[in-house]
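In what follows, a single structure is set out as structure tokens and then discussed.
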Amino acid sequence: MPPPDRSDPAAPLRRDVRTLGHLLGETLIEQEGRAFFDLEERIRALAKRGRNATGDAREEARSGLREAFRVLDVEGAERVVRAFAHYFQLVNLAEQHHRVRRGHEHDRAGEIEPGSLAALSRVLAHQVPRPELEALLAAASIELVFTAHPTEAQRRTVLDKHRAIAELLEQRDRAAPSPAEERELRRALREEVTTLWQTDEIRHERPRVGDEVKNVLFYLEEVLYPLVPRTYAHLEDAIGVAYGAAGVAVPPLLRFGSWVGADMDGNPNVTPEVAIDTAMAHAARAVALHLREVQRLGARLSQSTRRIGVTAELRASLERDRAAHPERADDVEARTQDEPYRRKLRWIEAKLAATRAAFVAARASGGRSTTLLFGYPAPEQLVEDLLVIERSLAANAGEHAGLSHVRALARQVQVFGFHLAKLDVRVPAAWVRESARAAPHEGPGMRAMQALATMQRRATPRSGESFILSMTRGHEDLVAALHLARSAGLVRDEDGVASASIVPLFETLDDLERCPRELERAFGDAEYARYLALRGRRQEVMLGYSDSNKDAGILASSFAVYRAQRALADVARRHQVTLTFFHGRGGSIGRGGGPSRRAIESLPPGTLEGRFKLTEQGEVLSWKYLLPPLAERNLDLTTSGVLRASLAGAALPETELTEYEAAFARAAEESLVAYRALVRAPRFPEYFAQCTPIEEIGALPLGSRPPRRTGAATIDDLRAIPWVFAWNQSRQMVPGWFGAGRGLGALLRERGVAYVRRMRERWPFFATTLDAIASALAIADMRIGAEYASLVEDRALARATFRSIALDHGRAVRAVRTILDRADLLAHEPTLARSIALRNPYVDPMSFAQVDLLRRKRALVRAGEPVPPSLERAILLTINGIAAGLRNTG
């Protein structure tokens with residue numbers, strides 16, 4: 001293998017893509033024959049010419065693509081689509097691995113990544129007094145919440161194989177392999193690629209909730225649990241560099257949550273019983289993780305009192321263990337003579353084993369509580385036992401003899417407790433209203449609240465806390481939820497207890513505009529005010545990026561979320577309430593997606609204050625967390641970003657910020673008019689249904705939750721996720737940019753180019769929004785979109801609607817280029833631009849195949865003939881492949 005070209009950072013990526021592409025080609029010849037490989041290569045060449053040629057040559061190539069798929073039978077089309085889809089899976093892996101590689105190169109060169117925890121130390125040292133940082137850390141809370149929204153198009157089996165390929169690429173990079181080692185690595189890669197080709201990438205059945213729980217547990221257990229101590233160590237190092245060796249104590253501010261198994265909104269498969277069972281499973285798994293680490297620690301801490309001393313505190317702790325449980329002492333302490341750390345760890349191991357057994361028994365018996373006569377009632381006691389060992393090691397020359405490992409385990413217990421990830425219970429606010437109106441508070445809303453109480457009682461108090469009300473309409477919903485919480489025993493004034501966090505979720509444009517007034521009314525309600533006092537005057541509010549975008553379009557939605565935060569923060573300050581915003585962002589731009597660091601930087605000033613909660617959804621999980629180095633980087637950037645943004649304060653004078661907000665408000669209004677004129681046109685649902693594979697997406701077994709809220713065949717009932725997914729498949733990508741052409745055009749006319757450019761330079765919110773729109777515009781493709789528009793039976797409807805879409809795309813492209821003062825939309829994002837350029841010629845064949853297969857299916861349906869399962873399957877494969885190619889679903 002030749003040495004990497006340091007002058008061209010992308011050279012190793014191209015090398016990996018070539019290697020994997022060649023291996024796939026060899027696999028196709030071996031598995032499918034030379035004739036099939038030649039067909040695939042001919043289609044690939046046509047797609048490249050269709051991209052690179054101009055005029056008649058381009059149209060000739062595209063006509064060739066249409067004809068190539070028209071003459072193929074369904075089986076042949078399916079095989080071609082699979083070939084391109086597998087290519088994209090391999091390209092995605094190569095790109096992920098390249099991100100890891102680039103991180104290693106920066107580390108070896110001593111370079112500090114902007115926005116990282118290492119970079120944070122410079123900000124602290126030069127701008128932040130130590131007391132200010134200590135106050136921020138004491139109040140900080142960063143929670144990443146994993147959700148099971150149906151946008152992960154890959155099976156877990158396929159993801160496991162992807163990780164194996166990434167590990168082989170990592171081995172290839174570690175050192176220059178010998179020729180024999182290079183041959184062995186290539187052989188191993190070929191084996192993985194071939195096995196991947198022989199593996200079914202489409203699920204035969206929609207995953208069950210339990211399958212989704214297991215998927216999230218994989219990331220929590222295998223990736224994040226080992227990484228968490230490293231993230232905290234990086235933060236502690238950054239603080240030490242800034243303030244000296246003494247440092248600042250870092251509390252467990254970074255934690256994890258999950259909706260998987262507890263999100264009852266629109267998913268009949270998630271029941272109160274499922275939520276309770278998921279909490280019990282989390283508890284048993286968390287304790288099992290700690291037990292495993294304690295066993296490893298016992299093998300490591302072999303210190304003997306013949307060689308080193310221990311603290312009196314540790315000796316006293318051992319005496320208490322023996323005195324409290326003399327019947328167990330001989331078994332527990334066997335073979336630990338003169339090894340006090342191992343002896344203490346054996347006691348810890350025995351207690352953890354008993355604790356886990358109690359959770360397992362309780363789960364198996366239907367969640368009935370069991371009396372814990374021996375074990376840990378709560379993780380705090382386990383932490384204290386570990387701290388006893390930590391203090392003894394620190395006082396007895398243990399700095400380089402296991403102290404860091406004890407501290408790491410203590411940190412893991414602090415973060416993951418006996419709950420692993422805190423479960424948020426989410427229900428429709430309408431359920432809560434109905435249950436509160438019922439005399440004995442019956443109904444699904446009450447049962448969900450009782451499930452939260454049971455989770456806290458039978459598993460651990462930290463198993464669940466937030467009770468989220470989707471589609472919250474007003475303050476009455478919060479008060480209704482409070483009534484249910486009282487009935488469930490979660491709020492008890494006489495005991496000073498309020499262990500449920502009532503969380504309104506504001507999603508539509510109207511709700512976002514109304515929510516400050518509604519929260520003000522809730523805070524002014526005497527009963528709710530008493531509840532807030534019990535909660536330490538803390539309130540969490542969730543903001544929905546997806547449904548607001550579906551309701552209002554990208555500009556109006558983004559600004560509505562921004563303004564809601566500003567106004568809600570003002571309400572909270574007036575009532576002396578500590579507010580935490582929960583950002584319900586999705587993976588795609590149309591659902592608030594994008595780099596977390598930029599999203600954090602663009603939040604309104606004064607709304608963060610160290611408290612940040614964010615959903616990590618769908619394909620985002622595998623993209624951010626499949627490879628441990630990428631997961632570590634994401635945790636570093638998120639933690640650093642929240643702390644840095646919280647310390648920075650207002651970057652702009654209030655008068656300047658207010659002026660920019662007024663200017664953007666006009667653009668948002670214009671955008672909203674254009675967007676609603678499109679999506680509320682009487683026949684628009686007909687266009688959407690026919691020019692996208694929305695019906696087929698509903699049949700794709702991606703997640704356990706149905707794509708529609710109630711099952712009604714209307715756009716209003718359709719969830720935002722399949723809405724975005726369908727538009728992305730058709731390459732029109734309306735949710736990511738539509739309305740921006742008219743809105744940004746109006747902004748430029750009214751304020752002038754120089755003003756708008758200064759506005760972008762000075763205001764992070766505008767810069768981030770503009771960058772997101774630029775990315776969506778670059779990924780969208782109106783030529784391919786026209787192919788999908790040709791599926792609409794009414795040609796006049798197709799022409800008129802697609803013309804509106806294409807015209808605004810052109811306006812938006814021109815406006816963004818003008819503001820950025822660049823001919824290329826992605827000149828500021830060379831990595832993304834390179835990725836799109838690499839992918840487009842390979843995504844195009846799958847798009848042409850999908851259009852052809854949809855046309856065949858619909859012709860059969862119109863003729864009243866049955867649709868063969870092979871045709872349905874081929875269409876689902878195109879959906880899967882395009883999702884992999886665009887690296888973006890919903």
Can you give the calculated 222 nm mean residue ellipticity of the chain, where each DSSP H run of n ≥ 4 adds -39,500 (n - 2.57) and the sum is split over every residue, rounded to the nearest 500 deg cm²/dmol? -21500 deg cm²/dmol
For the stretch 631-640, in order, what is each residue's ³J(HN,Hα) by Karplus, 6.51 cos²θ - 1.76 cosθ + 1.60 with θ = phi - 60°, in whole Hz (x at glycine and Pro)? 4, 4, 5, 5, 5, 4, 5, 5, 4, 4
Farthest toward positive dipole pole in the stretch 724-820 [+1 Lys/Arg, -1 Asp/Glu at C-beta], among N728, F738, A767: A767
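Taking every DSSP beta bridge that has both residues in the chain, what percent is antiparallel when rounded to the nearest 5? Working shown, then result.
Working: 3 of 37 bridges.
Given both bridge residues lie in the chain, the antiparallel proportion sits at roughly 10 percent.
Taking the Cα centre as origin and putting +1 on Lys and Arg beta-carbons and -1 on Asp and Glu beta-carbons, what dipole magnitude results for the chain, to the nearest 20 debye?
Its charge dipole is roughly 540 debye.
Which trypsin sites (Lys or Arg not before Pro) does the stretch 799-890 hold that lie in a coil by DSSP with at most 16 other beta carbons within 10 Å? Display every interim value, and only then the final one.
Numbers: sites: R799, R803, R811, R814, R817, R822, R834, R839, R855, R856, K857, R858, R862, R873, R887; in loops: R822, R887.
Listed in order of number, the matching sites are R822.
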Which one of W259, L93, A631 has its Cα pushed farthest toward the positive end of the charge dipole of the chain, where Lys and Arg give +1 and Asp and Glu give -1 at the Cβ? L93
Taking H placed 1.01 Å from N in the peptide plane, check which residues at least 5 places from S466 or on another chain put their amide H under 5 Å from its amide H. V425, S501
Heavy-atom accessible area of Y528, protein chains in place, probe 1.4 angstrom, given in Å² to nearest 10, is 0
Using θ = phi - 60° and the Karplus form 6.51 cos²θ - 1.76 cosθ + 1.60, what ³J(HN,Hα) does each residue of the stretch 821-829 get, whole Hz, x for Gly and Pro? 6, 9, 6, 9, 4, 10, 4, 7, 10
Cα-centred dipole magnitude for the stretch 519-568, charges only on beta-carbon of K, R (+1) and D, E (-1), debye, nearest 20: 220
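For the peptides 402-415, 297-310, 630-643, 567-580, what is the packing order when you average, over each peptide's residues, the other Cβ atoms within 10 Å and list the highest mean first?
630-643, 402-415, 567-580, 297-310
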Under the Karplus curve 6.51 cos²θ - 1.76 cosθ + 1.60, θ = phi - 60°, whole-Hz ³J(HN,Hα) for the stretch 526-533, x wherever Gly or Pro sits: 4, 5, 5, 5, 5, 4, 4, 4
Farthest positive-ward along the stretch 419-485 dipole, Cα basis, beta-carbon charges - from P444, A429, S466: S466
Taking the mean number of other Cβ atoms within 10 Å as a proxy for protection, how do you rank 606-613, 157-164, 667-674 from highest to lowest? 667-674, 606-613, 157-164
Just need the relative contact order of the chain here, percent rounded to a whole number, with Cα pairs under 8 Å and 6+ apart. 17
Which whole-number percent gives the relative contact order of the stretch 444-546, counting Cα pairs below 8 Å spaced six or more residues apart? 30
K422's amide H: which non-local residues (gap 5+, or another chain) put their own amide H closer than 5 Å, with H modeled 1.01 Å from N in plane and none for Pro or chain starts? F256, G257, S258
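Can you tell me the order of 122-135, 743-756 when each peptide is scored by its average per-residue count of other Cβ atoms within 10 angstrom, highest first? List each step's numbers first, then the result.
Details: 122-135: 14.0, 743-756: 18.2.
Answer by packing, highest mean first, reads 743-756, 122-135.
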Taking amide H positions as placed 1.01 Å from N in the peptide plane, with prolines and chain starts having none, which residues 5 or more places from E143, or on another chain, fall under 5 Å of its amide H? R255, F612, K613, L614
Any chance you could check the Cα centroid distance between the stretch 292-371 and the stretch 46-108 for me, in angstrom? 57
Based on Cβ point charges of +1 for Lys and Arg and -1 for Asp and Glu, what charge dipole magnitude is obtained for the stretch 82-187 about its Cα centre, in debye rounded to the nearest 20? 500
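What do you reckon, how do Y788, Y842 stack up by accessible area (1.4 Å probe), largest on top? Don't skip to the answer; put the middle values down first.
Working: Y788 0, Y842 25 Å².
Heavy-atom accessible area, descending, gives Y842, Y788.
The values are calculated or read from the model by the stated rules, or taken from the named source; none is laboratory data. Since the structure is predicted, the reported quantities are computational estimates derived from the model, not experimental observations. Glycine also receives a Cβ, built like all others from the backbone with ideal geometry; neighbour counts cover every protein chain displayed. For accessibility, only protein heavy atoms count, side chains too; no ligands or nucleic acids. Shrake-Rupley method; radii C 1.70, N 1.55, O 1.52, S 1.80 Å.
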